[in-house]
Ligand SMILES: [Zn+2]
């Protein structure tokens, strides 16, 4: 009987697998379309099928918003210090080393002086690749220095936000950055210099509760998640269901929290136009 079940021939060979190198394709988080990574970067990280805006590295924002080779970076080597000796699953000091290696950045923001359609600007761009764009002492200090430079050089300030909120590993030192940057922005306002805040996906937590919402103009990229506390926390607090689209850029625009939504690829001409209106002529 057992002979009936004996395999006589060679086993069938499975179809030869085509090797696809890791990290070549990415699935769109919004429409599920499969996108070629290189092509996606060429499209400024915007899904060609549905327009979803993926994260864009800080370096790409400089290329997107500023004139070619027109910028100089400041404070590129400023790094965080583990003042509290904080440890969660990892020591904060080790976490800093890990993210510096992984992202090639010294912290979650990069600040430059540059030119946008030949108009001088101070531009600070947050980068989600470093600890989820969390705001600690370095981010606060670098923005404050950008504001000082803007006042010194009489130029407008643009901040591109992309952040999960304050950096809990720095405790109160991180929370103090909200007040520090907000106060510095008052000095910019007193100097009658414009501050344009650009909110990208996501801009949440204390970042929204401070500088990201303090722009003379608050502009968002389409579909960005913008909010202070997460929807689950709010739902529990108010004991009510939240309306559809809650905390999306589109919802916030409808309810007067944003001035406009601008597609990433239209951002430079839009900013150029706004700066011409906001900046007094010579
Ligand atoms: Zn898509």
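The values are calculated or read from the model by the stated rules, or taken from the named source; none is laboratory data. The shown structure was predicted, so the numbers you read here are calculated from the model rather than taken from an experiment. Glycine also receives a Cβ, built like all others from the backbone with ideal geometry; neighbour counts cover every protein chain displayed.
Evaluated against (1) farther than 23 Å from residue 125 by Cβ; (2) in contact with a helix residue (DSSP H, G or I) (Cβ under 9 Å, 6 or more places away or on another chain); (3) assigned by TED's automatic domain parsing to the domain that holds residue 199, residue 94 falls short on exactly one condition, (2). Looking across the stretch 9-57, the residues that are exposed (fewer than 13 other Cβ atoms within 10 Å of the Cβ), at pLDDT 70 or above and more than 16 Å from the ligand (Cβ to nearest atom) come down to 9, 10, 23, 24, 38. Residue count for the stretch 192-228 under the criterion of being under 20 Å from the mean Cα position of the chain (by Cα), closer than 19 Å to residue 182 by Cβ and outside any strand (DSSP E or B): the result is 13. Looking at the stretch 74-88, is at least one residue surrounded by 13 or more Cβ atoms within 10 Å (Cβ to Cβ), assigned to a helix (DSSP H, G or I) and out of contact with any strand residue (DSSP E or B) (no Cβ under 6 Å at 6 or more places or on another chain)? Within the stretch 74-88 (the criterion being surrounded by 13 or more Cβ atoms within 10 Å (Cβ to Cβ), assigned to a helix (DSSP H, G or I) and out of contact with any strand residue (DSSP E or B) (no Cβ under 6 Å at 6 or more places or on another chain)), the answer is no, since none of the residues qualifies.
With respect to residue 133, determine if the residue is under 26 Å from residue 266 (Cα atoms) and either at pLDDT below 95 or touching a strand residue (DSSP E or B) at 6+ places or on another chain (Cβ under 9 Å) (or both). When the stated conditions are applied, residue 133 passes them. Checking each residue in the stretch 149-166 for being within 19 Å of the chain's Cα centre (by Cα) and without any contact (Cβ under 8 Å) to a residue 60 or more places away in the chain picks out 157, 159, 161, 163, 164, 165, 166. Is one or more of the residues making up the stretch 65-81 closer than 21 Å to residue 202 by Cα, touching a helix residue (DSSP H, G or I) at 6+ places or on another chain (Cβ under 7 Å) and touching a residue at least 24 places away in the same chain (Cβ under 8 Å)? Yes, the conditions are met somewhere in the stretch 65-81. Regarding the stretch 62-82, can at least one residue be identified that is away from the ligand (no atom under 16 Å from the Cβ), in the same structural domain as residue 202 (by TED's automatic domain parsing) and over 27 Å from residue 196 (Cα atoms)? Yes, that holds for at least one residue.
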